[in-house]
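Novice: Sending over a structure as C-alpha coordinates; questions will come in a sec.
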Amino acid sequence: AKSQGGDRFCFYNESMSDQADRRLELENQLRHAITRNEFVLNYQPVINLRNNQLVGVEVLLRWQNSELGNPGPDEFIHIAEHSGQIIAIGTWVLEQACQQVMTWSRAGFPALNVAVNISSKQFIDGDILASVDRALKQSGLPAAQLELEITEGLLLNDTPAIRDIFKQLKARGVHLSLDDFGTGYASLSYLKRYPFDTLKIDRSFVNDIDNCQDSITLTNAIIAMAHSFDMRVIAEGVENLNQRRILRERHCDMVQGYLYSPALPADQFLEWASRYGE
Ligand code: C2E
Ligand code: CA
Ligand code: CA
Ligand code: CA
(Lines give C-alpha, C1' and ligand atoms only; values in the text may rest on other atoms or scores of the structure.)
(Ligands and ions follow the chains in the order given, each with its own letter.)
Protein backbone atom coordinates (compact mmCIF):
# COMPACT_ATOMS: atom_id res chain seq x y z
CA ALA A 1 0.00 0.00 0.00
CA LYS A 2 2.87 2.32 0.82
CA SER A 3 4.30 2.39 -2.70
CA GLN A 4 1.01 3.49 -4.27
CA GLY A 5 1.50 7.16 -4.93
CA GLY A 6 2.83 8.89 -1.86
CA ASP A 7 -0.30 9.10 0.26
CA ARG A 8 1.28 9.31 3.67
CA PHE A 9 -1.82 8.03 5.43
CA CYS A 10 -1.78 4.82 3.41
CA PHE A 11 0.48 2.92 5.72
CA TYR A 12 -1.98 3.33 8.55
CA ASN A 13 -4.46 0.93 6.91
CA GLU A 14 -4.33 -2.75 5.97
CA SER A 15 -0.63 -3.36 6.27
CA MET A 16 -0.71 -1.86 9.75
CA SER A 17 -3.26 -4.40 10.86
CA ASP A 18 -0.23 -6.62 10.97
CA GLN A 19 1.00 -6.18 14.53
CA ALA A 20 4.65 -6.58 13.63
CA ASP A 21 4.40 -3.80 11.03
CA ARG A 22 2.70 -1.50 13.48
CA ARG A 23 5.38 -2.20 16.03
CA LEU A 24 8.17 -1.50 13.57
CA GLU A 25 6.49 1.70 12.44
CA LEU A 26 6.14 2.91 16.03
CA GLU A 27 9.76 2.09 16.70
CA ASN A 28 10.86 4.03 13.60
CA GLN A 29 8.69 7.03 14.43
CA LEU A 30 9.80 7.01 18.08
CA ARG A 31 13.30 7.80 16.85
CA HIS A 32 12.15 11.29 15.82
CA ALA A 33 9.54 11.93 18.49
CA ILE A 34 11.77 14.04 20.75
CA THR A 35 13.32 16.17 18.01
CA ARG A 36 9.93 16.70 16.36
CA ASN A 37 8.46 17.82 19.69
CA GLU A 38 5.78 15.15 19.62
CA PHE A 39 5.97 14.29 23.32
CA VAL A 40 3.85 16.14 25.85
CA LEU A 41 3.61 15.62 29.59
CA ASN A 42 0.27 15.47 31.36
CA TYR A 43 -0.15 15.98 35.09
CA GLN A 44 -2.56 14.18 37.39
CA PRO A 45 -3.20 15.68 40.84
CA VAL A 46 -2.34 13.69 43.98
CA ILE A 47 -4.47 14.58 46.99
CA ASN A 48 -3.78 14.16 50.71
CA LEU A 49 -6.85 12.32 52.07
CA ARG A 50 -6.56 13.76 55.57
CA ASN A 51 -6.90 17.43 54.64
CA ASN A 52 -7.95 17.23 50.96
CA GLN A 53 -4.92 19.27 49.93
CA LEU A 54 -3.24 19.02 46.57
CA VAL A 55 0.22 17.69 47.40
CA GLY A 56 1.69 16.65 44.09
CA VAL A 57 1.36 15.41 40.54
CA GLU A 58 2.05 12.21 38.66
CA VAL A 59 3.59 12.87 35.28
CA LEU A 60 2.18 10.83 32.38
CA LEU A 61 3.69 10.84 28.92
CA ARG A 62 1.62 11.50 25.79
CA TRP A 63 2.76 11.01 22.19
CA GLN A 64 1.08 13.38 19.77
CA ASN A 65 1.41 11.62 16.44
CA SER A 66 -1.92 11.69 14.64
CA GLU A 67 -0.69 9.59 11.72
CA LEU A 68 -0.16 6.77 14.18
CA GLY A 69 -3.38 7.59 16.05
CA ASN A 70 -1.71 9.18 19.09
CA PRO A 71 -0.52 5.90 20.58
CA GLY A 72 -1.00 5.59 24.35
CA PRO A 73 1.86 4.84 26.74
CA ASP A 74 0.53 1.32 27.27
CA GLU A 75 1.32 0.72 23.59
CA PHE A 76 4.57 2.62 23.00
CA ILE A 77 6.45 2.42 26.32
CA HIS A 78 7.24 -1.27 26.04
CA ILE A 79 8.35 -0.81 22.42
CA ALA A 80 10.68 1.95 23.57
CA GLU A 81 11.92 -0.34 26.34
CA HIS A 82 12.73 -3.12 23.88
CA SER A 83 14.51 -0.81 21.45
CA GLY A 84 16.40 1.02 24.20
CA GLN A 85 14.81 4.35 23.22
CA ILE A 86 13.23 4.58 26.67
CA ILE A 87 16.53 5.79 28.07
CA ALA A 88 16.57 8.99 26.02
CA ILE A 89 12.81 9.38 26.43
CA GLY A 90 13.00 8.83 30.19
CA THR A 91 15.73 11.43 30.51
CA TRP A 92 13.61 13.91 28.57
CA VAL A 93 10.59 13.22 30.80
CA LEU A 94 12.60 13.74 33.99
CA GLU A 95 14.06 17.03 32.80
CA GLN A 96 10.77 18.42 31.49
CA ALA A 97 8.82 17.38 34.58
CA CYS A 98 11.26 18.96 37.04
CA GLN A 99 11.40 22.13 34.99
CA GLN A 100 7.61 22.41 34.77
CA VAL A 101 7.07 22.03 38.50
CA MET A 102 9.78 24.59 39.23
CA THR A 103 8.21 26.99 36.73
CA TRP A 104 4.93 26.76 38.65
CA SER A 105 6.75 27.13 41.92
CA ARG A 106 8.61 30.25 40.77
CA ALA A 107 5.31 31.72 39.61
CA GLY A 108 4.13 31.56 43.21
CA PHE A 109 2.30 28.25 43.10
CA PRO A 110 2.67 26.10 46.26
CA ALA A 111 5.49 23.55 46.02
CA LEU A 112 4.32 20.24 44.58
CA ASN A 113 5.87 16.81 44.67
CA VAL A 114 6.46 15.43 41.21
CA ALA A 115 6.19 11.67 40.62
CA VAL A 116 7.86 10.34 37.48
CA ASN A 117 7.46 6.80 36.14
CA ILE A 118 10.84 5.15 35.63
CA SER A 119 11.34 2.10 33.45
CA SER A 120 13.44 -0.79 34.77
CA LYS A 121 15.62 -0.33 31.68
CA GLN A 122 16.68 3.09 32.94
CA PHE A 123 18.03 1.45 36.08
CA ILE A 124 19.68 -1.46 34.34
CA ASP A 125 21.11 0.06 31.15
CA GLY A 126 20.77 3.79 31.62
CA ASP A 127 22.57 6.17 33.83
CA ILE A 128 19.61 7.03 36.02
CA LEU A 129 21.72 8.78 38.66
CA ALA A 130 23.25 11.12 36.10
CA SER A 131 19.81 11.83 34.61
CA VAL A 132 18.35 12.63 38.02
CA ASP A 133 21.28 14.84 38.95
CA ARG A 134 21.05 16.76 35.69
CA ALA A 135 17.29 17.20 35.95
CA LEU A 136 17.56 18.49 39.52
CA LYS A 137 20.46 20.78 38.74
CA GLN A 138 18.98 22.25 35.56
CA SER A 139 15.62 22.92 37.16
CA GLY A 140 16.62 23.80 40.71
CA LEU A 141 13.94 21.43 42.03
CA PRO A 142 14.73 20.28 45.60
CA ALA A 143 15.51 16.54 45.55
CA ALA A 144 12.90 15.87 48.25
CA GLN A 145 10.16 16.99 45.85
CA LEU A 146 11.10 14.34 43.28
CA GLU A 147 9.54 10.91 43.53
CA LEU A 148 10.52 8.02 41.25
CA GLU A 149 7.84 5.40 40.58
CA ILE A 150 9.25 1.93 40.06
CA THR A 151 7.39 -1.29 39.36
CA GLU A 152 7.96 -4.64 40.96
CA GLY A 153 9.54 -5.97 37.78
CA LEU A 154 12.78 -4.16 38.52
CA LEU A 155 13.14 -5.90 41.87
CA LEU A 156 13.10 -9.31 40.22
CA ASN A 157 16.65 -8.58 39.12
CA ASP A 158 17.79 -8.04 42.65
CA THR A 159 21.44 -7.09 42.08
CA PRO A 160 23.99 -5.21 44.17
CA ALA A 161 24.22 -2.61 41.38
CA ILE A 162 20.53 -1.81 41.62
CA ARG A 163 20.59 -1.70 45.40
CA ASP A 164 23.49 0.72 45.18
CA ILE A 165 21.53 3.03 42.88
CA PHE A 166 18.63 2.98 45.35
CA LYS A 167 21.00 3.87 48.15
CA GLN A 168 22.48 6.76 46.21
CA LEU A 169 19.06 8.10 45.28
CA LYS A 170 18.04 7.99 48.94
CA ALA A 171 21.27 9.78 49.88
CA ARG A 172 20.23 12.63 47.60
CA GLY A 173 16.85 12.83 49.31
CA VAL A 174 14.88 11.59 46.28
CA HIS A 175 11.73 9.64 47.20
CA LEU A 176 11.06 6.15 45.87
CA SER A 177 7.66 4.63 45.38
CA LEU A 178 6.60 1.12 44.48
CA ASP A 179 4.01 1.39 41.69
CA ASP A 180 1.19 -1.01 40.73
CA PHE A 181 1.53 -2.84 44.03
CA GLY A 182 -0.30 -6.14 44.09
CA THR A 183 -0.25 -6.86 40.35
CA GLY A 184 3.13 -8.54 39.92
CA TYR A 185 5.20 -11.15 41.60
CA ALA A 186 6.75 -8.94 44.24
CA SER A 187 7.45 -10.77 47.39
CA LEU A 188 6.67 -8.87 50.55
CA SER A 189 10.31 -9.11 51.52
CA TYR A 190 11.08 -6.41 48.92
CA LEU A 191 9.37 -3.93 51.17
CA LYS A 192 11.87 -4.62 53.87
CA ARG A 193 14.91 -4.84 51.63
CA TYR A 194 14.36 -1.69 49.58
CA PRO A 195 14.00 1.84 50.94
CA PHE A 196 10.58 2.71 49.50
CA ASP A 197 8.85 5.77 50.90
CA THR A 198 5.53 5.15 49.24
CA LEU A 199 3.48 2.23 48.06
CA LYS A 200 0.89 2.72 45.32
CA ILE A 201 -2.12 0.42 45.41
CA ASP A 202 -2.97 -0.59 41.88
CA ARG A 203 -6.22 0.71 40.50
CA SER A 204 -7.56 -2.81 39.90
CA PHE A 205 -8.00 -3.15 43.69
CA VAL A 206 -9.41 0.33 44.10
CA ASN A 207 -11.87 -0.42 41.34
CA ASP A 208 -13.36 -3.27 43.32
CA ILE A 209 -13.41 -1.93 46.85
CA ASP A 210 -16.90 -0.47 46.65
CA ASN A 211 -18.47 -3.80 45.71
CA CYS A 212 -16.15 -6.55 46.86
CA GLN A 213 -15.38 -7.44 50.45
CA ASP A 214 -12.22 -9.34 49.46
CA SER A 215 -10.76 -6.20 47.90
CA ILE A 216 -11.51 -4.24 51.07
CA THR A 217 -9.78 -6.88 53.17
CA LEU A 218 -6.79 -6.89 50.88
CA THR A 219 -6.58 -3.09 50.76
CA ASN A 220 -6.79 -3.00 54.56
CA ALA A 221 -3.92 -5.45 54.86
CA ILE A 222 -1.77 -3.56 52.31
CA ILE A 223 -2.28 -0.24 54.12
CA ALA A 224 -1.57 -1.70 57.57
CA MET A 225 1.55 -3.46 56.32
CA ALA A 226 2.85 -0.38 54.52
CA HIS A 227 2.32 1.75 57.61
CA SER A 228 4.12 -0.78 59.77
CA PHE A 229 7.12 -0.30 57.45
CA ASP A 230 6.73 3.49 57.74
CA MET A 231 5.60 3.86 54.16
CA ARG A 232 2.86 6.14 52.94
CA VAL A 233 0.11 4.70 50.75
CA ILE A 234 -1.36 6.19 47.58
CA ALA A 235 -4.46 4.66 46.05
CA GLU A 236 -4.71 5.22 42.30
CA GLY A 237 -7.76 5.10 40.07
CA VAL A 238 -10.21 6.53 42.61
CA GLU A 239 -13.33 7.29 40.60
CA ASN A 240 -16.15 7.77 43.11
CA LEU A 241 -16.96 9.07 46.59
CA ASN A 242 -17.72 5.63 47.95
CA GLN A 243 -14.21 4.40 47.10
CA ARG A 244 -12.74 7.51 48.68
CA ARG A 245 -14.78 7.06 51.87
CA ILE A 246 -13.62 3.45 52.26
CA LEU A 247 -9.99 4.44 51.68
CA ARG A 248 -10.22 7.31 54.14
CA GLU A 249 -11.72 5.02 56.81
CA ARG A 250 -8.80 2.64 56.22
CA HIS A 251 -6.29 5.47 56.74
CA CYS A 252 -4.98 5.53 53.19
CA ASP A 253 -2.72 8.60 52.97
CA MET A 254 -3.21 9.88 49.43
CA VAL A 255 -5.40 9.35 46.38
CA GLN A 256 -5.47 10.14 42.71
CA GLY A 257 -8.04 9.37 40.06
CA TYR A 258 -10.82 10.63 37.83
CA LEU A 259 -12.87 11.61 40.93
CA TYR A 260 -10.52 14.60 41.06
CA SER A 261 -9.09 14.84 37.57
CA PRO A 262 -7.51 12.84 34.77
CA ALA A 263 -3.96 13.74 33.81
CA LEU A 264 -4.06 17.17 32.12
CA PRO A 265 -1.71 19.22 29.94
CA ALA A 266 0.27 21.78 31.96
CA ASP A 267 -1.93 24.81 31.27
CA GLN A 268 -5.15 22.92 32.03
CA PHE A 269 -3.65 21.44 35.17
CA LEU A 270 -2.80 24.91 36.42
CA GLU A 271 -6.40 26.02 35.81
CA TRP A 272 -7.73 22.96 37.60
CA ALA A 273 -5.39 23.53 40.54
CA SER A 274 -6.31 27.21 40.84
CA ARG A 275 -9.98 26.31 41.06
CA TYR A 276 -9.45 23.33 43.37
CA GLY A 277 -10.25 24.05 46.98
CA GLU A 278 -11.89 27.39 46.26
P1 C2E B 1 0.57 3.96 35.73
O2 C2E B 1 1.88 4.48 36.21
O3 C2E B 1 -0.12 2.93 36.59
O4 C2E B 1 -0.34 5.23 35.52
C5 C2E B 1 -1.70 5.32 35.87
C6 C2E B 1 -2.59 5.14 34.67
O7 C2E B 1 -3.96 5.14 35.12
C8 C2E B 1 -2.50 6.30 33.68
O9 C2E B 1 -2.73 5.76 32.39
C10 C2E B 1 -3.67 7.18 34.10
O11 C2E B 1 -4.12 8.04 33.07
C12 C2E B 1 -4.70 6.15 34.47
N13 C2E B 1 -5.67 6.66 35.44
C14 C2E B 1 -5.51 7.64 36.35
N15 C2E B 1 -6.62 7.80 37.08
C16 C2E B 1 -7.52 6.89 36.66
C17 C2E B 1 -8.87 6.55 37.05
O18 C2E B 1 -9.47 7.14 37.98
N19 C2E B 1 -9.46 5.54 36.38
C20 C2E B 1 -8.84 4.87 35.38
N21 C2E B 1 -9.53 3.89 34.76
N22 C2E B 1 -7.58 5.16 34.99
C23 C2E B 1 -6.93 6.15 35.62
P24 C2E B 1 -1.76 6.17 31.17
O25 C2E B 1 -1.48 7.63 31.23
O26 C2E B 1 -2.38 5.61 29.95
O27 C2E B 1 -0.42 5.43 31.49
C28 C2E B 1 -0.33 4.03 31.42
C29 C2E B 1 1.00 3.53 31.91
O30 C2E B 1 2.06 3.95 31.03
C31 C2E B 1 1.40 4.07 33.27
O32 C2E B 1 0.74 3.33 34.27
C33 C2E B 1 2.90 3.87 33.26
O34 C2E B 1 3.21 2.54 33.60
C35 C2E B 1 3.25 4.09 31.78
N36 C2E B 1 3.80 5.44 31.60
C37 C2E B 1 3.15 6.61 31.42
N38 C2E B 1 4.03 7.64 31.31
C39 C2E B 1 5.27 7.10 31.45
C40 C2E B 1 6.62 7.63 31.45
O41 C2E B 1 6.86 8.85 31.34
N42 C2E B 1 7.66 6.74 31.60
C43 C2E B 1 7.45 5.40 31.77
N44 C2E B 1 8.50 4.59 31.92
N45 C2E B 1 6.20 4.87 31.79
C46 C2E B 1 5.13 5.71 31.63
CA1 CA C 1 2.75 5.32 37.98
CA1 CA D 1 0.27 2.63 38.85
CA1 CA E 1 0.13 0.60 35.36
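Novice: I'd like the FRET efficiency for residue 211 and residue 36, computed as 1/(1 + (r/R0)^6) with the beta carbon distance as r and R0 of 45 Å, rounded to 0.05.
Specialist: Between residue 211 and residue 36 the formula returns 0.50.
Novice: On the accessible surface of the chain, probed at 1.4 Å, how many percent belong to carbon and sulfur atoms?
Specialist: After summing per-atom areas, the C and S share lands at 49 percent.
Novice: Rounded, prolate or oblate: which fits region 62-138 when a ≥ b ≥ c are the square roots of the eigenvalues of the alpha-carbon gyration tensor, with rounded for a/c under 1.5 and prolate only if a/b beats b/c?
Specialist: Because a/c hits 1.5 or more and a/b fails to exceed b/c, region 62-138 counts as oblate.
Novice: Please give the per residue accessible area of region 142-275, computed with a probe of 1.4 Å over protein heavy atoms only, in Å².
Specialist: Normalised by residue count, the accessible surface of region 142-275 is 47 Å².
Novice: Compute, for the chain, the length of the dipole vector about the Cα centre, with Cβ point charges of +1 (Lys, Arg) and -1 (Asp, Glu) only. Units Debye, rounded to 20.
Specialist: Charge dipole, the chain, about its Cα centre: 860 debye, nearest 20.
Novice: Please list the non-local residues whose amide H lies under 5 Å from the amide H of residue 56, H modeled 1.01 Å from N, same-chain partners needing a gap of 5 or more.
Specialist: Correct list: 46, 113.
Novice: Moving on. Residue 48 label point, 7 Å along Cα→Cβ, cut-off 13 Å on backbone N: hits in region 242-268?
Specialist: Flagged as within label range: 253-255.
Novice: By DSSP, what percent of the beta bridges with both residues in the chain are antiparallel, rounded to the nearest 5?
Specialist: If I count the DSSP bridges inside the chain, around 35 percent turn out antiparallel.
Novice: In a Gaussian network model over the chain where Cα atoms closer than 10 Å are linked, find which of 218, 94, 247 has the largest mean-square fluctuation.
Specialist: 218
Novice: How high is the relative contact order of the chain? Use alpha-carbon pairs under 8 Å, at least six apart in sequence, and give a whole percent.
Specialist: After rounding, I find 17 percent.
Novice: Consider just the alpha-carbon atoms of the chain and return their Rg together with their Dmax, both in angstrom.
Specialist: Taking only Cα atoms of the chain, I get Rg and Dmax of 19.7, 65 Å.
Novice: Using a 7 Å offset from the Cα along the Cα-to-Cβ direction at both residue 227 and residue 88, what is the distance between the two label points in nm, to one decimal?
Specialist: 4.7 nm
Novice: According to the Kirkwood expression over distinct Cα-Cα pairs, how big is the hydrodynamic radius of region 126-278, in Å?
Specialist: Kirkwood radius, region 126-278: 17.0 Å.
The values are calculated or read from the model by the stated rules, or taken from the named source; none is laboratory data. Note that the structure is a prediction, hence the values are computed from the model and not measured. So basically every Cβ, Gly included, is an ideal-geometry build from the backbone, and we count neighbours across all protein chains shown. With ligands, DNA and RNA removed, areas are computed over all heavy atoms of the protein, side chains included. Shrake-Rupley method; radii C 1.70, N 1.55, O 1.52, S 1.80 Å.
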